[in-house]
Amino acid sequence: MSDQISQLREEIFALKQSRNAMIFAHNYQRDEVQAIADFTGDSLELARSARSVECEIIVLCGVFFMAESASIISPDKTVLLPEPDAGCPMAEMIEVNETRRVWKTFPGYDKQPSFIFPHEFSLRDIKKNNPGVPVVAYVNTSAAVKAESDICCTSANVVEIIESLSSDSVICVPDRNLAMWAQKNTRKRIIAWDGFCHVHDRVTVEDVMRARMDYPDALLMAHPECRMEVLELADQVTSTSGMLRYVQSSGAGEFIVGTELGLFYSLRKENPDKIFHPLRKDMICPNMKKTTLGSIVNALKNMELVVTVPEEIRASAKIALDRMIGAD
Ligand code: 13P
Ligand code: SF4
């Protein structure tokens, strides 16, 4: 460990104590950030922990919507996002009144989802045109979109959440790939927003074929933000923490990992005897990598960026998040 890194770590430990702060890091964060975190996890685990931890300050090392979720769930705590520009491009693909294409998929799974109509819709239009159909918002959405939704989901629980609803149809926003994955696993009809994660959506069938040729003995795990044709070729489709559990419980010793490369930190730490290969070497989310030890020091020293959500939006968004956490 370099002198600079150990000095930053010491500063962080001292600031954490004096501020009564805890550091949460998503599984995609830089290795050195995950190494000093009090808690690492997937989106669902971060949301759950924000509710249960005892501290005054949460430093959320992740992207903006994660800090918003922590603030919605724990308004009594100060939530700091060390890098104010760390956003999620997929979450930014939906705003309450912005219009975008919408897909309609079919129970039994349709490989070629059709666009509902030739023109675009806003989330409010879709709700108006489908009265009584609940909106399931992936946590990768703004607080305002959550506030317009009935319940949230993560990649770890999307199917259970959809199945827990009494209606025959659901509106899923914003990830079309997650919606298609859910459609493969439910008889309900899904109306899907046309958003995607650029890190996972770029994976192709050719990438899978190449990885299978290069590592014939490895099991292949894919995140449900990947395209359906990729998911169909995977041995396991699951969230980031789901991958960690799968590897630990599997007797296999070699894995191809179809998600952001930050997960390799925990995969290798928890499984020193197993071998991991990236499905693609460029599965890197630039926003997740913005946070550094230096930015955590600044955040704690200067108490910024404090993420808050206006009370009116927070109250409605909290209902959608609480339903998910309660339902989970
Ligand atoms: P999970 O950690 O919930 O699998 O989410 C992946 C992701 O892309 C978060 O931005
Ligand atoms: Fe958003 Fe994809 Fe980055 Fe996750 S990995 S924060 S979904 S862009």
Given the Cα-Cα distance of residue 4 and residue 187 and 0.36 nm per residue of separation, how much length would full extension add, in nm? 60.4 nm
Between 225, 206, 148, which gets the highest mean-square fluctuation from a Gaussian network model of the chain, Cα cutoff 10 Å? 206
What does the convex hull of the Cα atoms of the stretch 109-228 come to per residue, in Å³, rounded to a whole number? 120
Sum of -39500 (n - 2.57) over DSSP H runs of 4+, divided by residues of the chain (222 nm, nearest 500): -11500 deg cm²/dmol
Probe radius 1.4 Å, ligands and nucleic acids ignored: give me the carbon and sulfur share of the accessible area of the stretch 140-219 as a rounded percent. 50
Mind running the shape call on the chain? Use the C-alpha gyration tensor, a ≥ b ≥ c as the square roots of the eigenvalues: rounded below 1.5 for a/c, prolate if a/b tops b/c, oblate otherwise. oblate
HN-Hα J in Hz across the stretch 45-53 - Karplus 6.51, -1.76, 1.60, θ = phi - 60°, x for Gly and Pro: 5, 5, 5, 4, 5, 4, 6, 9, 6
Using a simple charge model, +1 on the beta-carbon of Lys and Arg, -1 on the beta-carbon of Asp and Glu, nothing else, what dipole does the stretch 267-328 show about its Cα centre, in debye to the nearest 20? 380
Simple SL model, points at 7 angstrom along Cα→Cβ for residue 85 and residue 54; separation in nm is 4.0
Over the stretch 8-61, with every protein chain in place, what whole percent of the accessible area is carbon and sulfur at 1.4 Å, could you tell me? 41
Average accessible surface area per residue within the stretch 179-222, 1.4 Å rolling probe, Å²: 42
Distance from the stretch 203-221 to the stretch 284-328 (C-alpha centre basis), Å: 35
Contact order normalised by length for the chain, with contacts defined as Cα pairs under 8 Å and 6 or more residues apart; what percent is it? 23
For the stretch 263-278, Karplus-derived ³J(HN,Hα) couplings (6.51, -1.76, 1.60; θ = phi - 60°; whole Hz; x for glycine and proline) come out as 5, 4, 4, 6, 4, 6, 5, 7, 9, x, 8, 9, 10, 10, 10, x
Shape call, the stretch 196-298: gyration tensor on alpha carbons, a/c limit 1.5: oblate
Compute the relative contact order of the stretch 178-328 as a whole-number percentage, counting only Cα pairs closer than 8 Å that sit 6 or more residues apart in sequence. 19
Full extension between residue 166 and residue 315 adds, at 0.36 nm per residue less the Cα distance, a length in nm of 51.3 nm
Using each residue's phi in the stretch 311-316, evaluate 6.51 cos²θ - 1.76 cosθ + 1.60 at θ = phi - 60° and report the 3J(HN,Hα) Karplus result to the nearest Hz, with x for Gly and Pro. 3, 4, 6, 4, 4, 6
Among DSSP bridges having both ends in the chain, what percentage is antiparallel? Round to the nearest 5. 20
What whole-number value in cubic angstrom gives the convex hull volume per residue for the C-alpha atoms of the stretch 274-328? 204
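The values are calculated or read from the model by the stated rules, or taken from the named source; none is laboratory data. Computed from a predicted structure; not experimentally measured. FYI the Cβ positions are ideal-geometry reconstructions off the backbone, even for glycines, and counts take in every protein chain you see. With ligands, DNA and RNA removed, areas are computed over all heavy atoms of the protein, side chains included. Shrake-Rupley method; radii C 1.70, N 1.55, O 1.52, S 1.80 Å.
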